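The values are calculated or read from the model by the stated rules, or taken from the named source; none is laboratory data. Everything quoted here is computed from the prediction, not taken from an experiment. Here the Cβ is made from the backbone with ideal geometry for all residues, glycine too, and neighbour counts use every protein chain on show.
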Amino acid sequence: MSTGTRPALTRFARYVPRAAVAAVAALALTACGGGTDNASAESTSSASAGADAKSAFPVTVEHKYGSTTIDKEPKKVVTLGLSDQDAVLALGIKPVGAVDWFKEQPYGKWPWAKDKWGSDLPEIVGERDDYNMEKIAALKPDLVIAQYSGMKKEQYDTLSKFTKVVAQPKGHEDYQAPWQDMTRQIGKALGKETETEKLISDIDARFKAVRDKHPEWKGKTVAVGEPYEPGKFSAFSPNDPKVIFLTEMGFTTSEKYRQALGKENIADLSVERLDVMEADRTVWLGTPDTEKAMKADPLYKKTKVYQEKRDLFLPYDSPDIGAALSFNTVLSIPYAIDQVVPMLEAIK
């Protein structure tokens with residue numbers, strides 16, 4: 001068994017044949033506000049929202065590496081967390097820079113965020129936790145946000161020399177902070193706490209509706225994994241976004257599962273440890289090929305969850321269900337709920 005703190009979807013980039021990725025625009029938007037000048041009503045609304053945001057400053061945001069005071073409303077924002085752009089977009093700001101999680105969707109232009117981006121492209125300023133400091137500096141951002149990230153202290157120190165930086169929420173392992181905490185950190189840094197609480201309460205209401213409709217799911221165990229090569233799979237932490245998505249519907253995790261993960265975000269296991277994945281519902285993420293390989297594995301065929309048809313295989317793309325669970329943001333969660341709930345309902 002080996003463990004690590006890399007986020008989910010790192011292997012997915014290897015599974016999917018590389019599509020030709022268009023060259024990203026060298027210069028991104030210079031004005032990142034969410035309003036437009038096309039209609040007087042929109043202009044009035046935008047001006048009012050802008051005035052409210054300006055009155056929120058200065059704000060001080062505490063994080064893993066201390067605290068950051070932001071004196072005025074940020075206009076140019078770079079997101080370094082793998083899914084941070086979603087919350088920023090939901091609050092009406094288009095990041096000028098973002099990191100590449102995997103090549104097929106280089107800046108998170110997924111179905112749930114597509115309309116928010118429109119035709120605008122951010123500068124790609126790194127891949128996962130490997131940041132291009134020169135590119136970030138060239139964008140002259142007012143604010144760098146790194147919530148769903150593994151930013152190191154030395155990276156934080158380098159960025160802080162030329163801009164304001166809000167690092168990961170304190171008190172959590174990297175990639176394991178609740179989506180609510182990360183969203184609130186982002187909202188506070190942008191001076192949009194009221195709008196942020198509305199976004200969070202709307203999502204909480206969606207989850208409550210699911211729990212109310214399915215009280216039978218309360219207390220049922222769930223395990224989430226990803227087969228990545230024959231004979232091997234990954235299991236994800238109870239604090240991983242994909243698992244959190246399911247526990248907010250009423251599910252829980254077993255003691256054996258929690259012990260196997262410990263404090264790590266992800267554990268690599270051989271099929272001899274499929275006992276870890278025995279649960280009332282076992283969810284696998286991947287591709288048609290990895291699903292086929294897992295279902296053909298002799299040891300997997302012996303598991304109760306397979307024999308009793310309590311397993312669920314979710315693709316990362318086409319449709320992008322696995323990606324939506326992995327993002328687990330205020331934009332992706334409604335999309336994921338609409339896709340996953342009917343699938344869970346089909347399992348008796």
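Worth a mention:
- Pair list, Cβ under 8 Å, 6 or more apart: segment 307-319 residue without any contact (Cβ under 8 Å) to a residue 40 or more places away in the chain and of a type in the set (Lys, Arg), other residue in a strand (DSSP E or B) and buried (at least 16 other Cβ atoms within 10 Å of the Cβ): 310/281; 310/282
- Residue in segment 297-314 that is modelled with pLDDT under 95 and assigned by the TED database to the domain that holds residue 250 present: no
- Under the condition of being closer than 16 Å to residue 133 by Cα and in contact with a Pro (Cβ under 8 Å, 6 or more places away or on another chain), the residues counted in segment 77-94 number 3.
- Any chance residue 276 is touching a Leu at 6+ places or on another chain (Cβ under 9 Å) and not charged (D, E, K, R): yes
- Qualifying residues in segment 186-243 (those that are in a helix (DSSP H, G or I) and among the aromatic types (Phe, Trp, Tyr)) - the one surrounded by the fewest Cβ atoms within 10 Å (Cβ to Cβ): 207
- Considering each residue of segment 318-327 in turn, at least one proves to be part of a helix (DSSP H, G or I), under 19 Å from the mean Cα position of the chain (by Cα), of a type in the set (Phe, Trp, Tyr) and within 30 Å of residue 92 (Cβ to Cβ).
Residue-by-condition table, conditions (1) assigned to a helix (DSSP H, G or I); (2) out of contact with any helix residue (DSSP H, G or I) (no Cβ under 9 Å at 6 or more places or on another chain):
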residue: 272; (1), (2): yes, no
residue: 282; (1), (2): no, no
residue: 290; (1), (2): yes, no
residue: 306; (1), (2): yes, no
residue: 309; (1), (2): no, yes
residue: 312; (1), (2): no, no
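- Residue list for segment 54-84, restricted to those being at pLDDT below 95 and not in a loop (DSSP other than H, G, I, E, B): 54, 55
- Among the residues of segment 265-289, the ones that are hydroxyl-bearing (Ser, Thr, Tyr) and at pLDDT 95 or above come to 2 in all.
- Here residue 339 fulfils each of the conditions (1) within 17 Å of the chain's Cα centre (by Cα); (2) part of a loop (DSSP other than H, G, I, E, B) apart from (2).
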